[in-house]
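The values are calculated or read from the model by the stated rules, or taken from the named source; none is laboratory data. Every value quoted in this text rests on a predicted model; they were computed, and no experiment measured them. Quick reminder, even Gly has a Cβ in these numbers, built from the backbone with ideal geometry, and neighbours come from all protein chains shown. Each accessible area value is taken on the protein alone, full model and side chains, heavy atoms only, with ligands, DNA and RNA left out. Shrake-Rupley method; radii C 1.70, N 1.55, O 1.52, S 1.80 Å.
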Amino acid sequence: MDAPEPEQTPFASVTAHTSKLQRHYQALLDQSTPFVLYRWVGTGVGLFLFFLRILFAQGWYIVAYALGIYLLNLFLAFLQPKFDPSSDALDNEMEDGSVGTLPTKRDEEFKPFIRRLPEFKFWYWATRAVAISFFCTFFDIFNVPVFWPVLVMYWMILFVLTMRKQIQHMVKYRYVPFTIGKKNYRKGSS
């Protein structure tokens with residue numbers, strides 16, 4: 001005796017179609033992973049088009065300011081190590097041996113730099129933010145009248161202060177979040 005087939009609901013077909021689209025979207029993201037330069041060029045072009053839109057529309061400055069603050073926050077997370085060497089909680093975890101740290105003295109063992117925000121996630125969230133900001137410029141509700149030079153000056157001051165603090169942290173704990181200028185060891189090199 002054959003078992004009756006489960007009744008198909010309209011939500012089941014929508015869920016199946018949605019999960020198929022999500023898998024396809026994830027496959028496209030996975031395929032784009034090795035193309036770092038092309039991904040960032042695409043994001044840069046999107047950001048340039050967004051700023052052209054702001055310039056020619058003469059509005060939506062608060063959207064541009066919010067995007068600038070968000071991108072600055074992402075950039076700072078990209079520059080910071082996953083485990084902050086100045087943290088007191090880290091000292092407790094180090095005693096257990098469960099967390100690797102950055103060396104602070106010459107004779108300490110080298111531990112690789114692990115970012116708090118990996119490059120791919122940084123690119124993904126930045127691209128998403130640019131797309132959402134561009135989308136917001138088509139709605140007048142987001143066009144809040146502000147005196148834009150104040151926002152620009154405030155963002156520049158915020159950028160300088162946060163980057164100065166970040167650079168001081170990098171110098172104090174001796175880490176460089178970029179691979180430029182670091183020794184590169186390859187198989188077969190002498």
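Under 6 Å by Cβ, and 6 or more places apart or on different chains, what pairs join a residue from segment 123-140 that is in contact (Cβ under 8 Å) with a residue 24 or more places away in the chain with one that is surrounded by 12 or more Cβ atoms within 10 Å (Cβ to Cβ) and outside any helix (DSSP H, G or I)?
These pairs meet every condition: T137/W60.
Just to be sure before I move on: is L158 of a type outside the set (G, A, S), within 19 Å of the chain's Cα centre (by Cα), part of a loop (DSSP other than H, G, I, E, B) and more than 12 Å from Y61 (Cα to Cα) in the structure I sent?
No, not satisfied.
So for segment 163-180 (the condition being more than 30 Å from P34 (Cα to Cα), open to solvent by less than 90 Å² (accessible area, probe 1.4 Å) and not basic (K, R)), does at least one residue qualify? Step through it out loud before you land on a result.
From segment 163-180, those more than 30 Å from P34 (Cα to Cα) are 164-165, 168-169, 171-173; that's our starting set.
Within this subset, residues satisfying the condition of being open to solvent by less than 90 Å² (accessible area, probe 1.4 Å) are 169, 173.
Now restrict to residues that are not basic (K, R): 169, 173.
Checking segment 163-180: at least one residue is more than 30 Å from P34 (Cα to Cα), open to solvent by less than 90 Å² (accessible area, probe 1.4 Å) and not basic (K, R).
Considering only residues that are more than 18 Å from the chain's Cα centre (by Cα) and surrounded by 10 or more Cβ atoms within 10 Å (Cβ to Cβ), which ones fall in segment 25-41? Spell out the reasoning first.
Taking segment 25-41 and keeping what is more than 18 Å from the chain's Cα centre (by Cα), we get 25, 27-28, 31.
Result: Y25, A27.
Would you point out the residue of segment 47-76, among those that are outside any helix (DSSP H, G or I) and buried (at least 17 other Cβ atoms within 10 Å of the Cβ), that is modelled with the lowest pLDDT?
That would be G59.
Looking only at segment 29-46, which residues are in a helix (DSSP H, G or I), farther than 22 Å from S133 by Cα and either of a type outside the set (S, T, N, Q) or touching a helix residue (DSSP H, G or I) at 6+ places or on another chain (Cβ under 8 Å) (or both)?
Hits for segment 29-46 are D30, S32, V36, L37.
From (1) part of a helix (DSSP H, G or I); (2) modelled with pLDDT of 80 or more; (3) open to solvent by 70 Å² or more (accessible area, probe 1.4 Å), pick out the condition that doesn't hold for A126.
Here A126 meets the rest and fails (3).
Contact list please: Cβ distance under 7 Å, first residue in segment 33-51 and under 14 Å from L71 (Cα atoms) and touching a residue at least 24 places away in the same chain (Cβ under 8 Å), second residue open to solvent by less than 50 Å² (accessible area, probe 1.4 Å) and not small (G, A, S), pairs at least six apart or on different chains.
W40/W123; T43/W123; T43/T127; T43/V130; G46/T127; G46/V130; L47/V130; F50/V130
Which one is most open to solvent (accessible area, probe 1.4 Å), of the residues in segment 9-24 that are polar (S, T, N, Q) and closer than 29 Å to F138 by Cβ?
Top of the filtered list is Q22.
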